[in-house]
Amino acid sequence: MTARDQSQRYKLSFTTGRLFLQNASGAAEIYVRLRDWREVRETIDSDNLLQSRASRSATRMGSELIQRLQELTEAEVELLAVITGEERAHLMWAATCRRYSLIGEFAEEVLRERFLQLAADVLPEHFDSFIRGKALWHEELSDVTPKTMQKLRSTVFLLMRDAGFTDNDGRIIPAVLSTRVMDELAKRTPSDVRFFPTRDSA
């Protein structure tokens, strides 16, 4: 862990919206048409794309969706606008890992590592152990209440299930990345394939 990694506080506001699998492609389509994230946000709000009955909830979810989509490159957003199913889940998982380094590090250091070591599952106790290790360098984790930590843990496991990487019992399901998604992930250094339970490398 570098000094830079140690000094950066984790963003812990990832309990909103899960992976947005029902809305991500629609928002990406709007961006491809408008090429302006502010206008995308206004369109999402005016058209109630997130179909939330509460305005405050819709605002919060819309903001979260846009922030994650902004982690994607132009090419990735264009791809997201036309794909469905697993590919969409994989791109939104990558966006979430980029937005929230805590999730990205858990994905790389626990989920992928356990998969590569032929472990059958990833369980809540693995998350708790991961957090204890990170708390040595990130005091913000030590300040989190048990209730909030439970919510963070629950959200991370919901996100992994949404992405198709685990089942309800925590058993790891290998990710099969399409060539076009793999190509986009591999453009980053280091490759964002590191966030996935796969033996592929790029």
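With springs only between Cα atoms under 10 Å apart, run a GNM on the chain and tell me which of Pro190, Pro124, Pro174 wobbles the most.
Pro190
Expected output is a single nm value to one decimal: the length gained when fully extending between Gln70 and Ser142, i.e. 0.36 nm times separation in residues minus the C-alpha distance. What is it?
Taking 0.36 nm per residue and subtracting the Cα distance, the gain is 23.0 nm.
What nm value, rounded to one decimal, do you get for the distance between Gln51 and Met149 when each label is placed 7 Å out toward the C-beta?
Each label point lies 7 Å from its Cα, and together they span 3.7 nm.
At q = 0.24 Å⁻¹, what log₁₀ I(q)/I(0) does region 1-110 have when each alpha carbon counts as one equal point scatterer in the Debye sum?
Result of the Debye calculation: -1.36.
Add -39500 (n - 2.57) for each DSSP H run of 4 or more in the chain, then divide by its residues: what number comes out at 222 nm, to the nearest 500 deg cm²/dmol?
-16500 deg cm²/dmol
Need one word for region 135-189: rounded, prolate or oblate. Basis is the Cα gyration tensor (sqrt eigenvalues a ≥ b ≥ c); a/c below 1.5 gives rounded, then a/b vs b/c decides.
Oblate, because a/c is 1.5 or more while a/b does not exceed b/c.
I need the fraction of alpha carbon pairs in region 68-122 separated by more than 17 Å, rounded to a whole percent.
46 percent
Using +1 on the beta carbon of Lys and Arg, -1 on that of Asp and Glu, and nothing else charged, what's the dipole of the chain about the Cα centre, debye to 20?
Value, rounded to 20: 400 debye.
Can you name the helices of the chain, as whole DSSP H runs, whose Cα span along the helix axis is 24 Å or more and whose Kyte-Doolittle mean is not below -1.0?
Qualifying helices: 146-163.
Got a number for carbon plus sulfur as a percent of the chain's accessible area, 1.4 Å probe?
46 percent
With semi-axes √(5λ) of the Cα gyration tensor in Å defined as stated, name the option among (i) 37, 17, 13; (ii) 40, 16, 13; (iii) 27, 21, 16 computed from the structure displayed.
(iii)
Build a GNM of the chain with springs between Cα atoms under 10 Å: which of Asn168, Asn48, Asn23 gets the top mean-square fluctuation?
In the Gaussian network model the winner is Asn168.
Where nothing but the Cβ of Lys and Arg (+1) and of Asp and Glu (-1) is charged, how large is the charge dipole of region 105-202 around its Cα centre, in debye to the nearest 20?
140 debye
Less than 12 Å apart at the alpha-carbon level, and either on another chain or at least 8 residues along: which aspartates and glutamates does that give for Lys147?
In chain and number order, there are no partners.
Leaving out ligands and nucleic acids, and using a 1.4 Å probe, what accessible area per residue does region 138-190 come to in Å²?
57 Å²
The values are calculated or read from the model by the stated rules, or taken from the named source; none is laboratory data. All values derive from a computational prediction rather than experimental measurement. A quick note on method: Cβ atoms are made from the backbone with ideal geometry, for glycine too, and the neighbour counts reach across all protein chains shown. Remember, those area values only see protein heavy atoms, side chains included, never the ligands or the DNA or RNA. Shrake-Rupley method; radii C 1.70, N 1.55, O 1.52, S 1.80 Å.
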